[in-house]
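First up is the structure itself, then whatever we jot down about it.
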Amino acid sequence: MAKPKRVRNRALRVIDKIKQAQHAQAKAKATPPKQPTKQVVRKPFFPYTPSSTILLIGEGNFSFAHSIATRLGTASNIVATAYDSELVARQKYIDVDDHIQAFEKLGGTVLFDVDGTQLHA
């Protein structure tokens, strides 16, 4: 007995979909994977050298001054200032003493009560 035409057409469509899927899989396997693009690794920009003369205005806990001095290996040409008094800075920042001590050990100068808007030559 012959299958009805509708069932036969449906079966043919399913077979076609299976063949298309198999073809797509075969094509995907045949295509080599893309090579990753090479990224250029750039060294971070750091504008200072050990011979630079640096004035830092408005330090809070002096961590920035400490980090620059550490990176340079010296702070002999760095002056770091804070708007706050020494007493206020110690009250505000629990780590200020550690940063100042390390910064001064590298030769840096620390000044308090400096208003950066009132600097005159």
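The values are calculated or read from the model by the stated rules, or taken from the named source; none is laboratory data. Bear in mind the structure is a predicted one, so any value in this text is a computation, not a measurement. Ideal geometry is used to build each Cβ from the backbone, glycine not excepted, and the neighbour counts take in all protein chains shown. These accessible areas exclude ligands, DNA and RNA; they are computed on the full protein's heavy atoms, side chains included. Shrake-Rupley method; radii C 1.70, N 1.55, O 1.52, S 1.80 Å.
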TODO: Go through (1) open to solvent by 90 Å² or more (accessible area, probe 1.4 Å); (2) farther than 15 Å from Phe103 by Cα and name the single condition Leu55 misses.
DONE: (2)
- [ ] Kindly provide the set of residues from the stretch 42-77 that are out of contact with any Ser or Thr (no Cβ under 7 Å at 6 or more places or on another chain) and under 12 Å from Thr109 (Cβ atoms), ordered by number.
- [x] Thr53, Ile54, Leu55, Phe62, Ala65, Ala69, Ala75, Ser76
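Rundown of residues vs (1) among the acidic types (Asp, Glu); (2) over 26 Å from the mean Cα position of the chain (by Cα); (3) at positive phi, yes/no style:
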position	(1), (2), (3)
Thr37	no, no, no
Val40	no, no, no
Pro44	no, no, no
Leu55	no, no, no
Gln91	no, yes, no
Ile94	no, no, no
Asp97	yes, yes, no
Task: Some residue of the stretch 39-52 being under 22 Å from Asp115 (Cα atoms), surrounded by 13 or more Cβ atoms within 10 Å (Cβ to Cβ) and touching a residue at least 24 places away in the same chain (Cβ under 8 Å) - done: no
Open item on the list: If Ser51 meets every condition in (1) at pLDDT below 95; (2) under 24 Å from the mean Cα position of the chain (by Cα) apart from one, which number is that one?
Closed with: (2)
Open item on the list: Residue pairs, Cβ under 9 Å, 6 or more apart or interchain, first in the stretch 84-111 and at pLDDT 95 or above and open to solvent by 60 Å² or more (accessible area, probe 1.4 Å), second of a type in the set (Asp, Glu) and in a helix (DSSP H, G or I). List them.
Closed with: Arg90/Asp97
